[in-house]
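Peer 1: Dumping the structure here so I can ask a few things about it.
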Amino acid sequence: MCGFAGLVDPERSMRLDHALDGAAPVLRHRGPDGDGTLVDPARGVALRHHRLAIFDPRPDAAQPMTSASGRYTIVFNGAIHDHPERRRELESRGASFRTTSDTEVLLAGVEHWGLESTLDRVDGMFALAVLDRTRNEIVLARDRAGQKPLLLASVAGRVAFASDLRALERLPEPFATRLRGIDEEALHWYLTLGVVPWPMSIRPGVEQIAPGGLVRISLDSGRVERGRWWSPPLPESGEDDDAPTGGGRDDDRPLLDVLRESVHRRCRADRPVGLFLSAGIDSRLIAGLAAEVSPALPCFTLAGTGPFDESVEAAAIAARLGLPHRTVRPTDDEIIATATAIPEIADEPFADSSIVATAILARAARADVVVALGGDGGDELFGGYRRHAVAHAGGRLGLFAANLIDRVPHAVTGRLRVGRGSLADAARRRRLADPRVLDHAGLRATQGDAADLLDPLPGDPDGFAAAARGRRPVRSPWDGVSPPIRTVRDLMALDFRRYLPDDPLAKVDRATMAVGLEHRAPLLGRDVVAAAAALRTRDLFDRRGGRAPIRAALRSLGLPDGGAKRGFAVPIFDWLRGPLRDHAAALLLDAADDPLSPGRLERLFDDVQAGRRDRATACWTAMCWRAWLRSRGPSPACPRI
């Protein structure tokens, strides 16, 4: 796991020797074990890499790394979990290796098979940049699910890319001025969803490369060509909800065998490995399979309060497997310190409050391990959200009913729920969301109260966002990537394409990499994704809801398959009235040069302090925006007009 940045100057007019020096301090948390730089003024390209050494920590395995022929140089963030198998395959074709790193295997694969074929062959998570000296281009790519981030900025004919937005913000001119603004439409979406959805970024001129995306940058012209090396499989039929998604799977092994291989591969490392363990069935399954190869695998669980505390159940699972277990109990001071550090941890505005819990857990685990396994991806692949089960049970009527469930967890984008109102209320909000999503029985966003903060109270001056709505419609991040919602598999496909990379994977990557901890998700392994897509819809569900194949796998291992689904939630309402009250007041009640309505912010704060729980999410969303804005300093795009 690492971080990197790169710069392409087709005009060869920039001083590249130190152009990426400003990015170094903000990338070091991703790669604390070493750094390297390649500068090629003749080609107008510079690359910088910061390394978290997991495989082969020796200096020989450092990056940027150049291939044996000298044609390719790579900077790579991630892990190739099946690199021993691919190494043997490449050695049979005449390749030789000087390290035991996964990076060198990836690079040799590019030489022998080509980049896209190599990415399709390997089982891993990654964001990478490959300099191809023969074609005089740089190729960027991101893994299937979007586990690792990669951002791209084009300014005045120059092109830059990086693992973190802050690295782009610290580039020299012409980037420095351009990347100080605010993308108004991205802000709309953030206040609606609680995240900035790909391909948007909060900064104008910056985009998030799509999961499965492939971008070619010409070193001669700076031309950027966007495409894909992989696309998620879609349902084969809109009429038959029992059809598998497909995806060309040529592996007929039982699902448990596929899961076992994925978990076992992700236990490979030259540094200590551990596990984030909750009471949920996904992490329970991973623990059971990991214990087969790592009987001393340490497990870490965050203890919450009341219904948020899963530590007793998690400890019982660990004891049953004979695994050492540690319960992490944060103090009020730790909660405050972590919450106030969210702008640095999250990089962009990010309002999923469970990032606080993830960051606290990651910091505690990092004292003992450098790699941690987690259960992300199981809900999206195996129908684990309550909305999926309701939609499947009722067919078309179930789709309608699913949209009537109040506070459906992670519905569609992960943040949508039904409001108190009606279809008219949804229609009013279509300016901020895709009609194909909201047309289903009046869905609205949990961040709806936060989105209203852009609407001034009577007597308040108009904010820039209200003016922007009058100039042009808000573009939808779902355009071209979301199927019409006709079946439960459509809902699951949308969750996988949109919610998973925008929220859970962004959260865990940012929280773990803030402390130099590599997070691995076995349920997002290449073969697991293909196996899940090949299952019939009826096989995903039983009388207890979705994820039936996961429960069956648990029973095969002799582990309990029950337990309530709670997610990695935090008691944000209690925190805002307790340890985070002063932090909230300082952010919401003090004057700020941004477009949020001061009167509405004050009402929001007062409502939360008075005990209206359903406004805590909106309060936290506004707080995270303002905290992020303050951390970046004055922005020229935030006047009130």
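The values are calculated or read from the model by the stated rules, or taken from the named source; none is laboratory data. Source: prediction; values computed, not measured. Note that we place each Cβ from the backbone using ideal geometry, even for glycine, and neighbour counts take in every protein chain shown.
Peer 1: Look at Asp282 and say whether it is under 24 Å from the mean Cα position of the chain (by Cα), charged (D, E, K, R) and under 30 Å from Arg86 (Cβ atoms). If you could, list the steps in order and put the result at the bottom.
Peer 2: On the way: under 24 Å from the mean Cα position of the chain (by Cα): yes; charged (D, E, K, R): yes; under 30 Å from Arg86 (Cβ atoms): yes.
So Asp282 fits the description; yes.
Peer 1: Let me ask another. If only one of Thr37, Thr100 is part of a loop (DSSP other than H, G, I, E, B) and either of a type in the set (Ser, Thr, Tyr) or in the same structural domain as Ile217 (by TED's automatic domain parsing) (or both), which one is it? Steps first, answer last, please.
Peer 2: On the way: Thr37 fails: part of a loop (DSSP other than H, G, I, E, B).
None of the others qualify; the one that does is Thr100.
Peer 1: Oh, and also: Only one of (1) modelled with pLDDT of 95 or more; (2) in contact with a strand residue (DSSP E or B) (Cβ under 7 Å, 6 or more places away or on another chain); (3) not in a helix (DSSP H, G or I) fails for Ser154. Which number is that?
Peer 2: Just one mismatch for Ser154, condition (1).
Peer 1: So if I check each of Ala186, Ala176, which one is free of Cβ contacts under 8 Å to residues at least 60 places away in the same chain, under 29 Å from Ser353 (Cβ atoms), in the same structural domain as Val45 (by TED's automatic domain parsing) and part of a helix (DSSP H, G or I)?
Peer 2: Numbers: Ala176 fails: under 29 Å from Ser353 (Cβ atoms).
Being free of Cβ contacts under 8 Å to residues at least 60 places away in the same chain, under 29 Å from Ser353 (Cβ atoms), in the same structural domain as Val45 (by TED's automatic domain parsing) and part of a helix (DSSP H, G or I) holds for just one of Ala186, Ala176, which is Ala186.
Peer 1: Working only within the range 518-551, note down all residues that are touching a Leu at 6+ places or on another chain (Cβ under 8 Å) and surrounded by fewer than 19 Cβ atoms within 10 Å (Cβ to Cβ).
Peer 2: Result: Leu535, single match.
Peer 1: Whether any residue in the range 212-231 is buried (at least 22 other Cβ atoms within 10 Å of the Cβ), within 25 Å of Gly375 (Cβ to Cβ) and modelled with pLDDT under 95 is what I want to check.
Peer 2: Within the range 212-231 (the criterion being buried (at least 22 other Cβ atoms within 10 Å of the Cβ), within 25 Å of Gly375 (Cβ to Cβ) and modelled with pLDDT under 95), the answer is no, since none of the residues qualifies.
Peer 1: Next question, about the same structure. Considering each residue of the range 70-97, count those that are part of a helix (DSSP H, G or I) and of a type outside the set (A, V, I, L, M), and give that number. Please lay out each step first, then the result.
Peer 2: Step one: list which residues in the range 70-97 are part of a helix (DSSP H, G or I), which gives 83-91.
Still in the list and also of a type outside the set (A, V, I, L, M): 83-89, 91.
Adding up the residues that qualify gives 8.
Peer 1: Here is a follow-up. Select from the range 33-48 the residues that are over 14 Å from Gln63 (Cβ atoms), surrounded by fewer than 18 Cβ atoms within 10 Å (Cβ to Cβ) and of a type outside the set (A, V, I, L, M) and list them in ascending order.
Peer 2: Asp40, Pro41
Peer 1: The conditions are (1) out of contact with any strand residue (DSSP E or B) (no Cβ under 7 Å at 6 or more places or on another chain); (2) assigned to a loop (DSSP other than H, G, I, E, B), and Leu171 fails exactly one of them. Which is it?
Peer 2: Every listed condition holds for Leu171 apart from (1).
Peer 1: Residue pairs, Cβ under 7 Å, 6 or more apart or interchain, first in the range 194-206 and on the phi < 0 side of the Ramachandran plot, second modelled with pLDDT of 95 or more and among the aromatic types (Phe, Trp, Tyr). List them.
Peer 2: Note: pairs meeting the criteria are Val195/Phe350.
Peer 1: How many residues are out of contact with any Gly (no Cβ under 7 Å at 6 or more places or on another chain) and charged (D, E, K, R) if we restrict to the range 134-148?
Peer 2: Of the residues in the range 134-148, 2 are out of contact with any Gly (no Cβ under 7 Å at 6 or more places or on another chain) and charged (D, E, K, R).
Peer 1: Shifting gears a bit: Counting only residues that are touching a residue at least 12 places away in the same chain (Cβ under 8 Å) and within 15 Å of Phe175 (Cβ to Cβ), which one in the range 16-43 is nearest to the chain's Cα centre (by Cα)?
Peer 2: Val26
Peer 1: Run down Ala493, Ala506, Ala511 and say which single residue is more than 22 Å from Ala362 (Cα to Cα) and in a helix (DSSP H, G or I). Even if it seems obvious, please write down each step before you answer.
Peer 2: Working: Ala506 fails: more than 22 Å from Ala362 (Cα to Cα); Ala511 fails: more than 22 Å from Ala362 (Cα to Cα).
Result: Ala493 is the single residue among Ala493, Ala506, Ala511 that is more than 22 Å from Ala362 (Cα to Cα) and in a helix (DSSP H, G or I).
Peer 1: Which number in (1) farther than 18 Å from Gly6 by Cβ; (2) in contact with a helix residue (DSSP H, G or I) (Cβ under 9 Å, 6 or more places away or on another chain) marks the one condition that Ala176 misses?
Peer 2: With respect to (1) farther than 18 Å from Gly6 by Cβ; (2) in contact with a helix residue (DSSP H, G or I) (Cβ under 9 Å, 6 or more places away or on another chain), Ala176 is out only on (1).
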